[in-house]
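The values are calculated or read from the model by the stated rules, or taken from the named source; none is laboratory data. No experiment lies behind these values; they were computed from the predicted model shown. Backbone-built Cβ (ideal geometry, glycine too); neighbour counts: all protein chains shown.
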Amino acid sequence: MITPAPLPAPKITTPEQVTATGVMVCFAVQADKSSEKKYVSIDRIDELETSAKTALAQLIQSGEIEGKSGEIVQVATGHPSAPILVVAGLGKTAQRTRGKILETGAAVIRRLVDKSRAEITFLVGDAISPEHHDALVAGTLTGCEGQHLYQSEPAFFVPEKLAFVGVSPQATAEGETLGSSINLTRRLVNEPPTIMNPTEFAERAKIMASEEGLECEIWDETRLEKEGCRAILAVGRASTSPPRLVILKYNGGGDEAPIAIVGKGVTFDSGGLSIKPSDGMVDMKCDMAGAATVVGAMRAIAQLGLKRNVIGLCGLAENMISGDAYKLGDVIETRSGKTIEILNTDAEGRVVLADTLDVAVQHKPSAIIDLATLTGACMVALGNEVAGLMTNSDDLCRTFSDAAGQENEPVWQLPMFSLYDEKVKSKVADIKNVGEGRWGGAITAAKFLENFVGETPWVHIDIAGPAFADSPKPHRDAGATGVMVRSLVRWVRDRS
Ligand SMILES: [Zn+2]
């Protein structure tokens, strides 16, 4: 049995003096106005040999290096211990956002992981503003993680050491926290579903919690029964891997009411009796990305020592088929007492979240944010790179949108007009787990969830599109993306 590579953990340093060794990386920027003389700035290039400077000057002169965003050029230096210099373009001022800086760090690493490398040194100078230094470091780490976990011939080599010259130890540590937490989220999603079942997911959350000093409670099927979590139990009933509910607690904010972040954790979604075709089922190990995002974000929040109280809840179940499977037409009395009629067993995420949100509400949070790979309808509406936001509190939603904007993770709010309320009313129970046909499916799913948050200000984030990618990009592998970890951390950090 092949065991997957451990999570990437290159040794990260912040040397004060530059030593020309291994691969050196520097950055080029473009002038903002085309009327200005063609201009490329290279930072700290004095550290390299004369031959490298000459080669570089020629490449700049000839236009081979333009400093455009996304441009990566490798230059031979002629230096015996640092034979390769990588020049990464950052574009014009407006293009040098946190998101782009992170992507640049990741893209540079992804260019270099085809070979085993002892050391990569980033010469970070004025080209990157200090408030984005952590994003660069985070990106270099996310570039080290991919979905190739079970290949017997490794074709991907994590560098042993990454050095950041000109970056403060604090920014480096924060970037390392962010990058490694995003990688944890991605790893949880990328693991095969038979491995990452509810029990194993809960176990990994527990390990993270003990490493970071978080409280961790795991409800097994007996406890779920006792707690009245009949909705979670119904979805998980047909699986040989029983459901779990994970509660993580971080206390950084004294006596204040906690913030709750809640994740959908359907570790595999066959659709149940409303079975999915193979094409729709093939990536359904990713249906726990919301819960994985909660675990990654809680880790980062704890490591950064943010001065807030935060509770993370993961509702975990595997949606399978057996003689005991929950059925269409079933009525379930949820933990809250509200009854739901099941009209499609593939709309199981909202059923799991019904009980999970109810447990969150019991902790009297000041706000709830839930994350879920909930609907294909959200992808139809917004495409597969944008998360949909739905809320009962426009003010709260604005604060989250602002945080996501600062991190350059695209989100878009969808309306929650009361006219949609009708669409989830059931003739048999209080509500039903589907809307009316396909129309407005992302919103009717959110309307269903709204029944379980009471008066608590709440934002629902549908990450069905951006959580899992079909194809790679220069800055990341295909598979799990770790989307929204950064935005959540930013939002918790900025929330006053
Ligand atoms: Zn489903």
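Do the conditions hold for R350, that is, is it at pLDDT 95 or above and touching a Phe, Trp or Tyr at 6+ places or on another chain (Cβ under 7 Å)?
yes
Got a sec? Which of R438, R476, R490 is modelled with pLDDT under 95 and either over 19 Å from M288 (Cα atoms) or not β-branched (V, I, T) (or both)?
Of the residues listed, the single one that is modelled with pLDDT under 95 and either over 19 Å from M288 (Cα atoms) or not β-branched (V, I, T) (or both) is R438.
Test V165 against the criterion of being at pLDDT below 95, surrounded by 20 or more Cβ atoms within 10 Å (Cβ to Cβ) and either touching a helix residue (DSSP H, G or I) at 6+ places or on another chain (Cβ under 9 Å) or among the polar types (S, T, N, Q) (or both), and give yes or no.
It is true that V165 is at pLDDT below 95, surrounded by 20 or more Cβ atoms within 10 Å (Cβ to Cβ) and either touching a helix residue (DSSP H, G or I) at 6+ places or on another chain (Cβ under 9 Å) or among the polar types (S, T, N, Q) (or both).
It is to be established whether one or more residues within region 183-202 are among the hydrophobic types (A, V, I, L, M, F, W, C), without any contact (Cβ under 8 Å) to a residue 60 or more places away in the chain and more than 16 Å from the ligand (Cβ to nearest atom).
For region 183-202, residues among the hydrophobic types (A, V, I, L, M, F, W, C), without any contact (Cβ under 8 Å) to a residue 60 or more places away in the chain and more than 16 Å from the ligand (Cβ to nearest atom): present.
Only strands (runs of 3 or more DSSP E) wholly contained in region 240-337 count here; list those with 1 or more residues that are within 16 Å of the ligand (Cβ to nearest atom), in contact with a Phe, Trp or Tyr (Cβ under 9 Å, 6 or more places away or on another chain) and of a type in the set (D, E).
309-319
Of the numbered conditions (1) assigned to a loop (DSSP other than H, G, I, E, B); (2) free of Cβ contacts under 8 Å to residues at least 24 places away in the same chain, Q170 fails exactly one; give the number of that condition.
(1)
For region 102-135, what are the residues that are over 20 Å from Q406 (Cα atoms) and of a type in the set (S, T, Y)?
Those that are over 20 Å from Q406 (Cα atoms) and of a type in the set (S, T, Y): S116, T121.
Is it true that P159 is under 19 Å from A9 (Cβ atoms) and not small (G, A, S)?
So P159 passes the test.
Specify the residue that is nearest to A76 (Cα to Cα); the eligible residues are those in region 47-65 that are in a helix (DSSP H, G or I) and touching a helix residue (DSSP H, G or I) at 6+ places or on another chain (Cβ under 9 Å).
The extreme case among them is A52.
Matching residues to (1) farther than 14 Å from A381 by Cα; (2) in contact with an Asp or Glu (Cβ under 8 Å, 6 or more places away or on another chain):
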| site | (1), (2) |
| --- | --- |
| A429 | yes, yes |
| K432 | yes, yes |
| G435 | yes, no |
| R438 | no, no |
| E450 | yes, no |
| E455 | yes, no |
| V459 | yes, yes |
| G465 | no, yes |
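Take R223 and tell me if it is without any contact (Cβ under 8 Å) to a residue 60 or more places away in the chain and either outside the structural domain of I311 (by TED's automatic domain parsing) or in a helix (DSSP H, G or I) (or both).
Spelling it out, R223 is indeed without any contact (Cβ under 8 Å) to a residue 60 or more places away in the chain and either outside the structural domain of I311 (by TED's automatic domain parsing) or in a helix (DSSP H, G or I) (or both).
Out of the residues in region 116-162 that are in a loop (DSSP other than H, G, I, E, B) and of a type in the set (F, W, Y), state the one that is surrounded by the most Cβ atoms within 10 Å (Cβ to Cβ).
So, considering only residues that are in a loop (DSSP other than H, G, I, E, B) and of a type in the set (F, W, Y), the one surrounded by the most Cβ atoms within 10 Å (Cβ to Cβ) is F156.
Out of everything in region 260-283 that is of a type in the set (S, T, Y) and over 28 Å from A297 (Cβ atoms), what residue ends up being surrounded by the most Cβ atoms within 10 Å (Cβ to Cβ)?
Selected residue: S274.
Which residue pairs have Cβ atoms under 7 Å apart, sit 6 or more places apart or on different chains, and have a first residue in region 323-346 that is in contact (Cβ under 8 Å) with a residue 24 or more places away in the chain and closer than 11 Å to R237 by Cβ and a second that is of a type in the set (K, R) and within 16 Å of the ligand (Cβ to nearest atom)?
From residues that are in contact (Cβ under 8 Å) with a residue 24 or more places away in the chain and closer than 11 Å to R237 by Cβ, the pairs are D324/R237; A325/R237; Y326/R237.
Would you tally the residues in region 66-96 being of a type in the set (S, T, N, Q) and closer than 11 Å to V25 by Cα?
Total meeting the criteria: 1.
Select from region 13-24 the residues that are out of contact with any Gly (no Cβ under 9 Å at 6 or more places or on another chain) and either modelled with pLDDT of 90 or more or of a type in the set (S, T, Y) (or both) and list them in ascending order.
T13, P15, T19, T21, G22, V23, M24, listed by residue number.
Give region 338-364 a look and list any residue that's part of a loop (DSSP other than H, G, I, E, B) and within 16 Å of the ligand (Cβ to nearest atom), or say none.
I342, L343, N344, T345, D346, A347, E348, listed by residue number.
Here are P198, P192: which of them is surrounded by 24 or more Cβ atoms within 10 Å (Cβ to Cβ) and farther than 30 Å from E119 by Cα?
On inspection, the qualifying residue turns out to be P198.
Which pairs turn up if I take residues in region 260-272 that are more than 13 Å from A292 (Cβ to Cβ) and look for partners that are within 13 Å of the ligand (Cβ to nearest atom) and aromatic (F, W, Y) with beta carbon separation below 9 Å, at least 6 apart in sequence or on another chain?
Close Cβ pairs satisfying both conditions: G272/Y326.
Quick check on my filter: what residues within region 158-181 are farther than 18 Å from F122 by Cβ and either of a type in the set (A, V, I, L, M, F, W, C) or touching a strand residue (DSSP E or B) at 6+ places or on another chain (Cβ under 8 Å) (or both)?
Within region 158-181, none qualify.
Here are some residues: R244, R186. Which one is buried (at least 21 other Cβ atoms within 10 Å of the Cβ), assigned by TED's automatic domain parsing to the domain that holds D324 and within 19 Å of the chain's Cα centre (by Cα)?
The conditions single out R186.
Hey, can you tell me all the residues within region 439-469 that are assigned to a loop (DSSP other than H, G, I, E, B) and in contact (Cβ under 8 Å) with a residue 24 or more places away in the chain?
Answer for region 439-469, where residues must be assigned to a loop (DSSP other than H, G, I, E, B) and in contact (Cβ under 8 Å) with a residue 24 or more places away in the chain: G440, N451, F452, V453, G454, T456, P457, I463, A464, G465, P466, A467.
Would you call V124 closer than 30 Å to A31 by Cα, out of contact with any Ser or Thr (no Cβ under 7 Å at 6 or more places or on another chain) and not assigned by TED's automatic domain parsing to the domain that holds E212?
yes
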